[in-house]
Structures are given as structure tokens and as C-alpha cells.
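Here is the structure we will look at, set down as C-alpha cells.
The values are calculated or read from the model by the stated rules, or taken from the named source; none is laboratory data. If you're wondering where the values come from, they're calculated on a predicted model, not measured in any experiment. Counting neighbours? That spans all protein chains shown, and the Cβs are built from the backbone with ideal geometry, glycine included. Just the protein is used for accessible areas: all its heavy atoms, side chains included, with ligands, DNA and RNA removed. Shrake-Rupley method; radii C 1.70, N 1.55, O 1.52, S 1.80 Å.
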Amino acid sequence: MLTYATRRLILSIPTLLFISFVVFMLLQLAPGDPMAQVPLTVPAEVKQKMREALGLGQPPLVQYWKWLVQVFWIEPQVLFDHLFGTSFSEGKLRVISWQTRSPVMDIVVQRIPQTLWVVGVAYVVAILIALPIGIYSAYRQYSVFDQAGTFVTMIGFSIPPFFTGPLLIVIFSVQLGWFPSIYDTTHVVNDWASFKIQLQQMIMPVMVLALQITAQLSRYMRASMLDNLGQDYVRTARAKGLSEAVVVNIHVLRNSMIPVVTVIALGVPAIFGGAIITENVFKVNGIGQLLLTALFANDLPMVMTLTFIFAVLIVLFNLIADILYGVLDPRIRYD
Amino acid sequence: MTDSPQDDAIVAGTAGPAAIEALQDTEPSKPPRSRGRDVWDQFTKHKGAMFGLGFLAFITLAVLIGPYIWTVDPQKLDIRNKDMRPIYTALWDGDAKVSWAKPLGSDQLGRDNLAQMLAGGRASMAVGWAAMVLSLVIGTAIGVAAGYFKRLDGPLMRMTDLFLSLPILPLLLVAVTLFRQPLRANFGPEGGMFILIVTVIAITSWMPTARIVRGDVLAIKEREFVLAARSIGTQDGKIIRRHLLPNVLSPIMVSAALGLATAIITESALSFLGVGFPSDFPTWGKMLADAVQRMERFPERVMLPGIAISLTVLSVNYLGDGLRDALDPRIRGR
């Protein structure tokens, strides 16, 4: 298992390098110019100098190399300095956003808590709802509950978040006035009243996201439970007189969780990646919204770094899912 | 098994000629059923799938034929008749601004909502179908090549893994914002966008199909009938076309249904985020995005395209579900 994990980890380095190279070269084709916002009165040679100051004007391969150095060598130094108060990174050029002229990583670090808070809570809520639904609808297959559950998951599967979002806003913000339609990221929680407001503003985005995730997870859970309920060991467990609760909740559930846990692990990058559409609908100031504004503002270093972070997370959690599968299921051998 | 002749003979308890007669082979009373017939019978048992098929057929016909019956130009501005409510609003609100000339009302520029819905549906369905077909072609080609030719298996599957680890939606957004200008210049604003969106969706969604097809091809190519075909000197291309492709058709059809659903949602999401078709070209996603600002006063403008997208995707998903059940021989006949 350890050799397998190490091999996969080493193999993921060229994969990530390749992905970053492809995305970087793709972005080089972008038609935008970071100097487009600079007033026309600024002479052309000054603009050229400003471009060079941003690292433009060199061959793409050199730019790519510099970006690699900045991300893999200088940014870790900055993190190290921040943690231990040393000064390794002093005077070294970090990845600079063209929009704000401040380091990209600083902005990302500012935005991550909002995304983690909203999308992460949605993920946890979705898991807590999806697993019981999946278990019970598999146990009572073709019952009314199962039919209703399948219908609801089908709807959750089919209704896109850019429809459920506005729909919830119309119902709960406009008609009923229960929740605010916009997520206020500057809101500080320090007592019970402000906690209630935080809860109110989180409910709608969390529900929109949780509906989608629940739909997927409970389908997996149901299918996996159904696979296991028909197995011989279940009949054996019942034959030796175990109660239904023990059979279902211990014997079947533990075996059915194996594929579901890997599916849950595979979904984790999406938490960090942020739900671009949901964040956009509820104006949550998260990573997804950051990517969107960076794209529209032609902020290529920001787009590049964010896309690369997403790719790293996806590769990493694919690896974790595979290893988890091997750990949980002793029948799987990777050697 | 109570109505078979053997059982009758046993129940009657008669020995002699009757039993021997019962043991004789009789002609089958009806011709054997074809596989297609079996699949169709199983498919019709799935109520959701039948609803899906019906609704998909309805919406396809509506967007294909509708614009010839309701011949209003969806882009025509009629500023005097702007902000009309749908005709059914008159049922509970007598003062509402309604007219039979605009059955679903009009938007803030006076464009007819019904005509826009039909035109928008046309765009969404066209993008969905085209992207689905393209992604199936790519996925099937790569899957068959990887499964059939051992040399290609490693590189092609590594490439599939690579594509699977790309962040899809960010990349879609990047690609659309980057290549919008050149393609618009070459193929016109609408044609260029259509090509771009279809290609981008197809390129980012072929991987599941390729994996499923590869798995099936790996299993089927070891079977005896493929060996027999090869032993009489059949070329690789012919084996693939005559023996492998028909046998992997069912997983391909199921992933086609799922692919259509994802393609429609992705196109609408791109339009919603404002990177889709040009602003005067209606699609369901863009109608929804435009209506969000005025949704307190005109909720129907959000509801109509939203319900259209959701119902279409729901019916396609149910269709896929039913297809999967119908094409699975283990479930069929139960």
C-alpha cells in the first residue's frame, strides 16, 4: 500500500506539471491586455515598461518557468516566514494579481474561509441527509418512501442551481422575508444575535448546494446498499438470529460505505473549488466568485494560480479516494 | 408453470398415450421475441422513462415546429407592449396587463416571451444534442481504441485520467472567454459561439464514455465470436464495426442520455454566467439570467425558462434511467 501511494504521489507530479503547462499556454493565447485600463495619456514606452514590470514581454516558456519558481519556491517561503517569523522571502517577487497588484495567494487566503464555511457546511449537511435516505430507501425498496426519495433525488439532479437559487430568493426573501438574499461576508459573529443572522444568511446557499450533493450521494448509497443486501452474508447474519437493526446498520452498512466514502472524498475538491454558480447567485465572496471576477477582468496570474490549485486538489483527492478504497476494502490489492 | 401441458398431464394423472403426447416437441405457438421487442417492453414498464420520452418528444417538436406556427420574431422590440404578464395572470389579477397577442407576456424590451422560449429552446436543444453526439464520438473512439489495441491502452487511459483531473467549469469559462473573439470573427457571432460551446462541452465531457466503452471492449474482445471472426481473417476495422460496436451500444446509449442532460445544463450555466451566446440571441439560460434582476415583479420570467430547463433535464435523466433498466438483461423480464 505504501509503495502504491508513493508511486501514485510521484506520478502525480508530472501530471500536475503538464496540466499547469497546458493551462498556462492556453492563457497565453488570451486576447486581453493588462494595460487596457491605463489612461490613453500614458505614453506607449511607459506602458511597455509597465508591462515588463508585470513580467510580460518575455518568451512564454521563460514566463512559465518564472511562474513555477514563484509558486513552488517563493510562496512556500512566504508561508514559512509567516509561520515562524523568518525572512527568507524578503524582496522576492511573488505571483502578483493584475487586478489589485497584490499577491494572489494573499487574496486566495482571504477568500477561502467564506467558501469553506458555506460550501463545507453544505457538504456536511448533504452527507447527513443523504446517507439515511439512501439506507432506508434501499432497505424498503419500491416502497412509497423509496419512490418519493428517488423522485426527489431525480429532481435534485435535474434542477440546476441557477434556477433553485433565484427560486428560493423569490420565495424566502421576497415573498416571506425570512432570509436575506445576499450573503454578507463582513458579518462578524460575536454573540447569539449575530450568530442567528449568520445562520439565516447561510440557510439558502447551503440548501441549494446540499440539494444537489444529496441527490448524488443518496443515489450512490441506495445502489450500494442494494448490492449488499442481496449478498449471502446478509442471509447468514439473519439466519443466525441477529436483529434487523444489527444486520442493516452494522453488516450491510459498513460494506456499503466503501464505495460511498470514496465518492465523498472525490467531491471534496469541489468544496474548495467553490460552487461558482451558487456563490454568484448569493454573492458569496468566495473562491468561485474570485475566479469569475478574475476571468472577466482578464487577471491571468490569478486565473492561472486558481486553476492550478483546483487541479492540485482534484489530483490529490483522486489519490486519497483510491487509497481509502484499498484501506477500507481488504479485498483490493494494489501491489 | 401451471399452464404448461406437462403439469396438466401430471395433475390429470393419466398414464399412457397422453403423457407421451405431452412429451412430444410441439411447434412454438408464437415466433420468438426479438431483443428490441424485449427492451421496448421493459422500457414501457418504467413510468418515468415513458414520461421522459413523451416530454422530450414534445419539447423537441415544439422547438422544431413551434417557430413556424408562432411566427413572431423573438428579437423584435415592441416597446409599447413591454412588461406584459402571461395570459393566465388575468385569472387572479383582473388589472394585470395581459393580451392574447402575447400569451406568455413580454420582457422589459417588449420581446415576446413565447417566441423567445421557442427560439431559446431551439438553441439549448441544438447545443445539447450536438455536444452530446460529439462527446460520444470522441469517447467511443478513444474507448474502442484503448480497449482493442493494447499498445494504445496505456497512453490513452493516462490521457483520460489527465482530462478527468482538469477542473471543468473553470476551464470551460477560461476557454470560452479566450476563444470568443477569433471564432466570432470567423463564423459570425452566433455560429462562432455555437461551435465554441459545443466543442468545449464535448472536449470536457467524453471521459466517462471512454472509460465505460474501454471496459466493455476489453471483455468482449476475448469472447469466442471475436476469435472466430479473426480466425477467418476479418480485418481489425471490420471486427470493431461489425462485432464490437453493436455490443457496446447499450452503455453508449445510457451515457448519451446523461450526456445530453449535462450538456443542456452546462450551456445554460454558461449563458447564466454571461459567457454564452451574444446578448440578443435568446437561450433558456440567458432568459433566466436576464430575468433575475426583476424577479420580484415578474417571477414568471424566471419560472418559465427555469421550469423548461429542469423538465427537459429531468425527462432526459428519467429516459436514461429507463434505458439502463431496459438494456440490462439481468433486470429485463422481471
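Observations on the model:
- Enumeration of residues in segment B:154-177 that are open to solvent by 10 Å² or more (accessible area, probe 1.4 Å), of a type in the set (Ser, Thr, Tyr) and modelled with pLDDT of 80 or more: none
- B:Phe58, sole failed condition from (1) in contact (Cβ under 8 Å) with a residue 40 or more places away in the chain; (2) part of a helix (DSSP H, G or I): (1)
- Segment B:258-269, residues that are open to solvent by less than 10 Å² (accessible area, probe 1.4 Å) and either more than 11 Å from chain A (Cβ to nearest Cβ) or more than 14 Å from B:Met132 (Cβ to Cβ) (or both): B:Leu260, B:Ala263, B:Ser268, B:Ala269
- Matching option when the condition is part of a helix (DSSP H, G or I), closer than 23 Å to B:Trp206 by Cβ and out of contact with any Cys (no Cβ under 6 Å at 6 or more places or on another chain), among B:Gly276, B:Gly306, B:Gly320: B:Gly320
Okay, residues lined up against (1) farther than 30 Å from B:Gly139 by Cα; (2) more than 10 Å from every other protein chain (Cβ to nearest Cβ); (3) open to solvent by less than 20 Å² (accessible area, probe 1.4 Å); (4) in contact with a Leu (Cβ under 9 Å, 6 or more places away or on another chain):
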position	(1), (2), (3), (4)
B:Arg242	no, yes, no, no
B:Leu245	no, yes, no, no
B:Ser271	no, no, yes, yes
B:Phe281	yes, yes, no, no
B:Ala291	yes, no, yes, yes
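- Scanning segment A:267-305 for residues that are open to solvent by less than 10 Å² (accessible area, probe 1.4 Å), over 13 Å from B:Leu169 (Cα atoms) and either within 8 Å of another protein chain (Cβ to nearest Cβ) or not in a helix (DSSP H, G or I) (or both) yields A:Val284, A:Gly286, A:Asp299.
- Residues in segment B:298-310 that are farther than 16 Å from B:Ala263 by Cβ and more than 7 Å from chain A (Cβ to nearest Cβ) were compared, and the one that is surrounded by the most Cβ atoms within 10 Å (Cβ to Cβ) is B:Pro305.
- The condition of being within 21 Å of A:Phe310 (Cβ to Cβ), out of contact with any His (no Cβ under 6 Å at 6 or more places or on another chain) and open to solvent by 40 Å² or more (accessible area, probe 1.4 Å) does not hold for A:Met50.
- Taking each residue of segment A:219-248 that is assigned to a helix (DSSP H, G or I) and looking for partners that are loosely packed, with under 14 Cβ neighbours inside 10 Å and of a type in the set (A, V, I, L, M, F, W, C) with beta-carbon atoms closer than 9 Å, six or more apart or interchain, yields A:Ala237/A:Val246; A:Ala237/A:Ile250.
- Within the option set B:Thr60, B:Thr89, being more than 24 Å from B:Phe277 (Cβ to Cβ), of a type in the set (Val, Ile, Thr) and surrounded by 12 or more Cβ atoms within 10 Å (Cβ to Cβ) holds for one residue only, B:Thr89.
- If you check B:Ala291, B:Ala229, B:Ala263 for being within 20 Å of the chain's Cα centre (by Cα) and in contact (Cβ under 8 Å) with a residue 12 or more places away in the chain, only one passes: B:Ala263.
- Options B:Glu296, B:Glu300: the member that is assigned to a loop (DSSP other than H, G, I, E, B) and over 27 Å from B:Leu169 (Cβ atoms): B:Glu296
- Against the list (1) farther than 19 Å from B:Ser279 by Cβ; (2) β-branched (Val, Ile, Thr); (3) in a helix (DSSP H, G or I), the condition B:Thr234 fails is (3).
- When segment A:246-266 is filtered for residues that are more than 19 Å from A:Pro330 (Cα to Cα) and open to solvent by less than 60 Å² (accessible area, probe 1.4 Å), the ones remaining, listed by number, are A:Val246, A:Val247, A:Val248, A:Ile264.
One line per residue, one yes/no per condition, for (1) aliphatic (A, V, I, L, M); (2) more than 14 Å from every other protein chain (Cβ to nearest Cβ); (3) outside any helix (DSSP H, G or I):
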{"residue": "B:Gly143", "(1), (2), (3)": "no, yes, no"}
{"residue": "B:Gly147", "(1), (2), (3)": "no, yes, no"}
{"residue": "B:Leu171", "(1), (2), (3)": "yes, no, no"}
{"residue": "B:Val174", "(1), (2), (3)": "yes, no, no"}
{"residue": "B:Gln181", "(1), (2), (3)": "no, no, no"}
{"residue": "B:Ala202", "(1), (2), (3)": "yes, yes, no"}
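- At least 2 residues being farther than 30 Å from B:Asp290 by Cα and away from chain B (no Cβ under 14 Å) is the threshold, and among the helices (runs of 4 or more DSSP H) wholly inside segment A:91-197 those reaching it are A:104-115, A:121-139, A:144-158.
- Taken over segment A:7-47, the criterion of being surrounded by fewer than 11 Cβ atoms within 10 Å (Cβ to Cβ), among the polar types (S, T, N, Q) and at pLDDT 80 or above is satisfied by A:Thr41 alone.
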